[in-house]
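Below is one structure; the comments refer to it alone.
A short reminder: the numbers here are calculations on the coordinates, not readings from a lab. Every value quoted in this text rests on a predicted model; they were computed, and no experiment measured them. Glycine gets a Cβ as well: all are built from the backbone with ideal geometry, and neighbour counts include every protein chain shown.
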Amino acid sequence: MKNLIFETLSILLPGFLFAQQPQSGGSFIVSLLPLILIFVIFYLLLILPQSRYEKKRREMLASLRKGDRVVTTGGIIGTIQKIDEDVITLRVADNVNIKVEKQAVRAVLEKGVEG
């Protein structure tokens, strides 16, 4: 048992005795620079475009009016007949009205676009 402890210490001790102190040439901020750079790139490539898209989508949903032709996320094209708080009624054919959630509207079609 003593022999095992002695062998373990003889292997580990030189590393502790002759270990060098870290060089103090760089500051803490310099060591964080790669992490900050990764966060900035992540923000510019993912978060900023997504927030712009969400803002544009909120504006589109807020500007929906009766008579607008819209496309839902399911691909249904219809004309808005009635708008409630969270539900809109679409006319998809003669005498065929359906109710969909407002969030299901993907896009507003331009005037002259037939579906």
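Estimated at 0.36 nm per residue, the fully extended path between LEU48 and ASN95 surpasses their Cα-Cα distance by 12.6 nm.
With R₀ set to 35 Å, the beta-carbon distance separating ARG57 from ILE36 gives a calculated FRET efficiency near 0.70. Separation of region 61-79 and region 37-55 by C-alpha centroid, Å? The distance from the Cα centre of region 61-79 to that of region 37-55 comes to 28 Å. Quantify how much of the Cα-Cα distance distribution of region 65-115 extends past 17 Å, in percent. Roughly 21 percent, rounded to a whole number.
LYS111: which lysines have alpha carbons under 25 Å from its alpha carbon, excluding same-chain residues fewer than 8 sequence positions away? Reachable lysines: LYS55, LYS56, LYS66, LYS82, LYS99, LYS102. Qualifying GluC sites (Glu not before Pro) in region 27-115, where qualification requires a DSSP coil assignment and no more than 14 other C-beta atoms within 10 Å, comprise GLU85, GLU110, GLU114. Summary value for region 65-115: 35 percent relative contact order, contacts being C-alpha pairs under 8 angstrom separated by 6+ residues. Magnitude of the charge dipole for region 65-115, about its Cα centre and with charges confined to Cβ atoms of Lys, Arg (+1) and Asp, Glu (-1), is about 100 debye.
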